[in-house]
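What follows is a set of notes on a single structure, which appears directly below.
The values are calculated or read from the model by the stated rules, or taken from the named source; none is laboratory data. From a predicted model like this one, the values you see are computed outputs, not experimental measurements. Positions of Cβ are backbone-derived with ideal geometry, glycine not excepted, and every protein chain shown enters the neighbour counts.
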Amino acid sequence: MLNFYLNACGITCALGDGHEQVKARLYAAQPGVEPTARRSAGRELPLGEVRGALPPVAHLPPHQRSRNNALALAALAQIRPAVDAAIGRYGADRVGVVIGTSTSGIGETEQAMARKISDDELPAGFHYGTQEMGSPAAMLARELGLKGPAYVHSSACSSSAKALASAARLINMGLCDAVLTGGVDSLCAFTVAGFAALGSVSPAQCNPMSVNRKGINIGEGAALFLMSADAEGTSPVMLMGWGESSDGHHMSAPDPTGVGAELAMTQALRRAGLQATEIDYINMHGTATPQNDAMESKVIERLFGTEVPVSSTKPFTGHTLGAAAAIEAALCWLAMQDDNQQGRLPPHLWDGEIDLALPALNLVPPGATLGRPLRRILSSSFAFGGSNAALVLGRGA
């Protein structure tokens, strides 16, 4: 099997836009989640909102004009030169697009329906196609003039992990030489109300692994990678392995035994050719819901023990749903760059109140370092319907 290099990475989320802003706030332990009454029917909730200006979408066809696509364009802008160079090298028909999303342009439909209720007419220029799940991939392919495969995974919170795995398969099968891959999701009232109806939304900053955890904070953002079988630069980060499984246990709750989650992690390790002891750091799914944290912590203890450093980065970004796996992979990618020779680790923000019913994992405190560069990282993602995925990122020895 080929190597799959993540040669460029663009990221925008509640922590900021681009590598420097995101790293500065992450390592300073400054969460991007802040209280707001927007998108929650007047009820103030902490949300991970992207606050900076986004690229315009007026040049896009009406059915592609959405905040979701603007977020994707913001991440693309950071890596556009590398993507254009890949198109020039391989040809537009040899570059694909595989994206994960769960909201697409639902926010625009919400705004249109509010206008319909108040004025008895839809806004001029509104197109129902904005909410089609395939929109981000189609938009990016159009924006870049690509002729290769372009499609979207929408499996809730595992979407963009599965997108990266699919991108690697396209390259491995010889269908593409490079793939623009990752995930994007935008905040909307629909998802906030949906998770609130499940009793899964925390009224305060989420508190993963704490005895006081009360649920998630929803966020938005985008992370895009340029993946190819050709290494660019010095010791670039690789997608070494991935694993995917399905529980078939419950529509929204994870299997408490963690069998499916463990299978995804085991597959990822096997595909990467690694033992569990070779993983330097684990980025947990870590939603701060009672059931997820209980299941995930037990699986980590079984597979990896309790010494490996672990953290959930969702207090920083919010749970970005279909974009979560890609954004968390991007945080891991940033931690593996040459400017992090001491191996600074993404910290675990919580109140420190231990849940004695959970394994005593090695939760990363702010400021902690590995003392050497990070070489092997596992990142896990678990979704509604029991859709599980795990990614292993790595660099050369």
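Observations on the model:
- Of the numbered criteria (1) under 21 Å from Gly16 (Cα atoms); (2) out of contact with any strand residue (DSSP E or B) (no Cβ under 6 Å at 6 or more places or on another chain); (3) surrounded by fewer than 22 Cβ atoms within 10 Å (Cβ to Cβ); (4) of a type in the set (A, V, I, L, M), the one Leu73 fails is (3).
- Screening the candidates Met173, Met139, Met113, Met133 for the property of being among the hydrophobic types (A, V, I, L, M, F, W, C), out of contact with any strand residue (DSSP E or B) (no Cβ under 7 Å at 6 or more places or on another chain) and surrounded by 20 or more Cβ atoms within 10 Å (Cβ to Cβ) yields one hit, Met139.
- The one condition from (1) out of contact with any Pro (no Cβ under 9 Å at 6 or more places or on another chain); (2) modelled with pLDDT of 95 or more that Asp280 does not meet is (1).
- Criterion applied to Pro359, Pro373 was being surrounded by fewer than 18 Cβ atoms within 10 Å (Cβ to Cβ), touching a Lys or Arg at 6+ places or on another chain (Cβ under 7 Å) and in a loop (DSSP other than H, G, I, E, B), and the one residue passing it is Pro359.
- Unique match (being modelled with pLDDT under 95 and either out of contact with any strand residue (DSSP E or B) (no Cβ under 6 Å at 6 or more places or on another chain) or more than 21 Å from Gly219 (Cα to Cα) (or both)) among Gln291, Gln275, Gln267: Gln291
- Filtered residue count, region 310-342, keeping only those that are acidic (Asp, Glu) and assigned to a helix (DSSP H, G or I): 1
- In the condition set (1) part of a loop (DSSP other than H, G, I, E, B); (2) buried (at least 24 other Cβ atoms within 10 Å of the Cβ), Glu307 is compliant with all but (2).
- Residue, nearest to Tyr5 (Cα to Cα), within region 99-121, restricted to residues that are assigned to a helix (DSSP H, G or I) and among the small types (Gly, Ala, Ser): Gly107
- Answer from Pro56, Pro35, Pro31 - the residue that is surrounded by fewer than 18 Cβ atoms within 10 Å (Cβ to Cβ), of a type outside the set (Gly, Ala, Ser) and assigned to a loop (DSSP other than H, G, I, E, B): Pro56
- Screening the candidates Ala197, Ala204 for the property of being within 30 Å of Gly18 (Cβ to Cβ), surrounded by fewer than 18 Cβ atoms within 10 Å (Cβ to Cβ) and more than 21 Å from the chain's Cα centre (by Cα) yields one hit, Ala204.
- Among residues of region 234-254 that are β-branched (Val, Ile, Thr) and at pLDDT 85 or above, those with a beta-carbon under 6 Å from a residue that is assigned to a strand (DSSP E or B) and buried (at least 16 other Cβ atoms within 10 Å of the Cβ) at least six positions away or on a different chain give the pairs Val237/Leu6; Val237/Leu393.
- For first residues located in region 164-179 and under 13 Å from Leu391 (Cα atoms), partners that are part of a loop (DSSP other than H, G, I, E, B) and lie 6+ apart or on another chain with Cβ distances below 7 Å form the pairs Ala168/Phe4.
- Region 364-388, subset farther than 23 Å from Ala272 by Cβ and among the hydrophobic types (A, V, I, L, M, F, W, C), residue modelled with the lowest pLDDT: Phe384
- In the set (1) at pLDDT 90 or above; (2) of a type outside the set (A, V, I, L, M, F, W, C); (3) crowded, with 17+ Cβ neighbours inside 10 Å; (4) assigned to a helix (DSSP H, G or I), Gly96 fails one condition alone, (4).
- Members of region 124-158 that are within 13 Å of Ser66 (Cβ to Cβ) and not aliphatic (A, V, I, L, M): Gly125, Phe126, His127, Tyr128, Gly129, Thr130, Gln131, Glu132, Gly134, Ser135, Pro136
- Remark: Thr12 falls outside the filter, which requires a residue to be closer than 14 Å to Leu187 by Cβ and either surrounded by fewer than 17 Cβ atoms within 10 Å (Cβ to Cβ) or in contact with a Ser or Thr (Cβ under 8 Å, 6 or more places away or on another chain) (or both).
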